[in-house]
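Q: Attaching a single structure in structure tokens format; questions to follow.
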Amino acid sequence: MSELKLYAVTCEYIKGEKQFYYRAQNFYKDVPASEEGMMGDFVEISEIDLEGSRQFLKKFGPGKAGTKRALDCGCGIGRVSKGVLFPVFESMEMLDMMEEFILHAHEVYLGDYADRVEAYYLYNLQEFSPLTKRYDVIWLQWVACHLTDKDLMEFLMRAKQSLRPNGVIFIKDNMARQGCKLDPIDSSIIRHLDIMKNIIQTAGLTILDVEKQEGFPEAIVPVWMIAMH
Ligand SMILES: C[S@@+](CC[C@H](N)C(=O)[O-])C[C@H]1O[C@@H](n2cnc3c(N)ncnc32)[C@H](O)[C@@H]1O
């Protein structure tokens, strides 16, 4: 399939972006501000997930990318920031569309780490334009799935401009075993890795590495990590 065909197929599933984003907002209103909420029904794999991310980040992080500042996109209560990013970066910026999650992160969950947050952005990722040349690492975990192909592609283009020298963007997300599938309840799209790679490359980014998260139960959708710049 050509790039354009793939793009059209994924969009066909969505039928009206506004409704698509409204549904996700509605879904997350009822999600508790807790690790359980962030992990759906799979809180028991949170630690394995974080360890997988720490190892993957090591390949591109300190020594290669700088360690001045990272941006956690779709941060929720800050599970990834706390478990993966704060131990590495001097300061953090965090973005999520749900105020309740950000408040919980700042007031409770992050503890002393909260002092090293330079900015919280209560924003829809698809509407966010990061400042240029600002981040050593931009992390998107389980949030790329909540953007349409077009919005994800355009965000990645803006994100690339906001990287500091040797900066890296990471996407960690569920990837379909075949094609792509929309969950109409929370408006998330599970894409095949090839479709995700296609979006990334169409946005003008170069893929540095891809790795499957090991140690998750067979029954759940495969989770992959992609590093790019
Ligand atoms: C499954 S949770 C994952 C949270 C966190 N990344 C983690 O791994 O623990 C998805 C998060 O993405 C946020 N989110 C979903 N769609 C978004 C959008 N369009 N813009 C910004 N945040 C969004 C939700 O509010 C939620 O906090």
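Q: Which pairs break 23 Å Cα to Cα here: Lys59/Lys172; Lys68/Lys172; Lys58/Lys181; Lys29/Lys133; Lys59/Lys150; Lys82/Lys172? Kindly include the intermediate steps, with their values, before the conclusion.
A: Numbers: Lys59/Lys172 15 Å; Lys68/Lys172 21 Å; Lys58/Lys181 31 Å; Lys29/Lys133 33 Å; Lys59/Lys150 29 Å; Lys82/Lys172 16 Å.
Over 23 Å apart, Cα to Cα: Lys58/Lys181; Lys29/Lys133; Lys59/Lys150.
Q: Another question, if that's okay. Regarding the chain, what whole-number volume in Å³ per residue does the convex hull of its Cα atoms give? Could the numbers behind the result be given before it?
A: Numbers: hull volume 25.3 nm³, N = 229.
Per-residue hull volume (Cα only) is 110 Å³.
Q: Once phi is turned into θ = phi - 60°, what whole-Hz ³J(HN,Hα) does the Karplus curve with 6.51, -1.76 and 1.60 give for every residue of the stretch 118-127, x standing for Gly and Pro?
A: 3J(HN,Hα) across the stretch 118-127, in whole Hz: 7, 7, 9, 10, 8, 9, 7, 4, 5, 10.
Q: From the P(r) of the stretch 125-229, can you give the percent of Cα pairs sitting at distances over 20 Å? Write down the numbers at each step before the final one.
A: Numbers: 1924 of 5460 pairs.
That tail contains 35 percent of the Cα-Cα pairs.
Q: Quick check on packing: order 33-40, 139-146 by the mean number of other C-beta atoms within 10 Å, highest mean leading. Intermediate values should be presented prior to the final figure.
A: On the way: 33-40: 17.0, 139-146: 24.4.
Going by the mean number of other Cβ atoms within 10 Å, highest first, we get 139-146, 33-40.
Q: Of the candidates Ala105, Ala70, Ala119, which one comes out as most mobile in a Gaussian network treatment of the chain with C-alpha springs shorter than 10 Å?
A: Maximum fluctuation in the GNM of the chain, among the listed residues, is at Ala119.
Q: Find, among the trypsin sites (Lys or Arg not before Pro) in the stretch 44-134, those assigned to loop by DSSP (not H, G, I, E, B) with at most 15 other beta-carbon atoms within 10 angstrom. Numbers along the way, then the final one.
A: On the way: sites: Arg54, Lys58, Lys59, Lys64, Lys68, Arg69, Arg79, Lys82, Arg116, Lys133, Arg134; in loops: Lys64, Lys68, Lys133, Arg134.
The qualifying sites are Lys64, Lys68, Lys133.
Q: Right, here's the next one. If you count, for each residue, the other Cβ atoms within 10 Å and average over each peptide, how do 178-191, 208-221 line up from highest to lowest?
A: Numbers: 178-191: 16.8, 208-221: 12.4.
Ranking the peptides 178-191, 208-221 by packing returns 178-191, 208-221.
Rule-based calculations on the coordinates, nothing more; no lab input. Computed from a predicted model, the values in this text were never measured in an experiment. Don't worry about glycine lacking a Cβ; one is built from the backbone with ideal geometry, like all the others, and counts go over all protein chains shown.
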